[in-house]
């Protein structure tokens, strides 16, 4: 099985982060992972808000988040366990993720 | 001539902003407009860094920035004059643009 690609901290790019979080489903998934205390499986996100997300789209969303350097994914049996890389991104781009997550919270409140 | 579409402040969306600024040319153009004191024409950006940007791509980039609510464009003869809407975006998503512009500055420094 191919190892999962994760960019090194100093290779995390601003454009990739903004692109990854410019999708409403991905930013919702990421906000949940970033706000959670423990790692989460992909299948925990089969529903995001009112939407049911097909398994194939879900895998693609997690891949984009992982390749942007936003999450760390680890295979555990047939599942992937996902944790956020907020601390590493914070070291590279201070304040960026807190600002985006705050804006996401505003967005969700206002609908 | 059709009027140029600008979203109202409360219709400015997080996803559209992140998408608009996830492109290296667009974020560079926006950083310049946001940092400038006066309005700038599109043709002022025929070169961004080392890159020469074709006129048609440039128009498309300005359209994406405008429709995301990041800039205000006004026709003046055959030119468009562009100013940032930072203050309005700040009212909707406090701290978001300063954080993205700071990350862009870090990105540019490190290459």
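Below are the figures for this structure:
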item	result
Condition check for residue A:86: closer than 29 Å to residue B:88 by Cα, under 14 Å from the mean Cα position of the chain (by Cα) and in contact (Cβ under 8 Å) with a residue 40 or more places away in the chain	yes
Index of the failed condition, residue B:82 passing every other in (1) more than 24 Å from residue A:99 (Cβ to Cβ); (2) buried (at least 18 other Cβ atoms within 10 Å of the Cβ)	(1)
Exclusive hit being surrounded by fewer than 17 Cβ atoms within 10 Å (Cβ to Cβ) and farther than 19 Å from residue A:15 by Cβ, set B:98, B:54	B:54
Subset of segment B:59-72 (residues that are within 20 Å of residue B:101 (Cα to Cα) and either in contact with a helix residue (DSSP H, G or I) (Cβ under 8 Å, 6 or more places away or on another chain) or at pLDDT below 95 (or both))	B:61, B:62, B:64, B:65, B:67, B:68, B:69, B:70, B:71, B:72
Residues satisfying the stated conditions in segment A:85-95, i.e. more than 10 Å from chain B (Cβ to nearest Cβ), surrounded by 15 or more Cβ atoms within 10 Å (Cβ to Cβ) and either within 20 Å of residue B:97 (Cα to Cα) or in contact with a helix residue (DSSP H, G or I) (Cβ under 7 Å, 6 or more places away or on another chain) (or both)	A:86, A:88
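One line per residue, one yes/no per condition, for (1) over 29 Å from residue B:106 (Cα atoms); (2) modelled with pLDDT under 95:
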{"residue": "A:36", "(1), (2)": "no, yes"}
{"residue": "A:42", "(1), (2)": "yes, yes"}
{"residue": "A:56", "(1), (2)": "yes, yes"}
{"residue": "A:77", "(1), (2)": "yes, yes"}
{"residue": "A:80", "(1), (2)": "yes, yes"}
{"residue": "A:83", "(1), (2)": "no, yes"}
{"residue": "A:89", "(1), (2)": "no, no"}
{"residue": "A:97", "(1), (2)": "no, no"}
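Residues are listed down the side, and each one gets a yes or a no for (1) surrounded by fewer than 18 Cβ atoms within 10 Å (Cβ to Cβ); (2) within 14 Å of chain A (Cβ to nearest Cβ); (3) within 21 Å of residue B:91 (Cα to Cα):
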position: B:5; (1), (2), (3): yes, no, yes
position: B:18; (1), (2), (3): no, yes, yes
position: B:33; (1), (2), (3): no, no, yes
position: B:44; (1), (2), (3): yes, no, no
position: B:47; (1), (2), (3): yes, no, no
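The values are calculated or read from the model by the stated rules, or taken from the named source; none is laboratory data. Here the structure is a predicted model, which means the values were calculated and not measured. Heads up, the Cβs are rebuilt from the backbone with ideal geometry, glycines too, and the neighbour counts pull from every protein chain shown.
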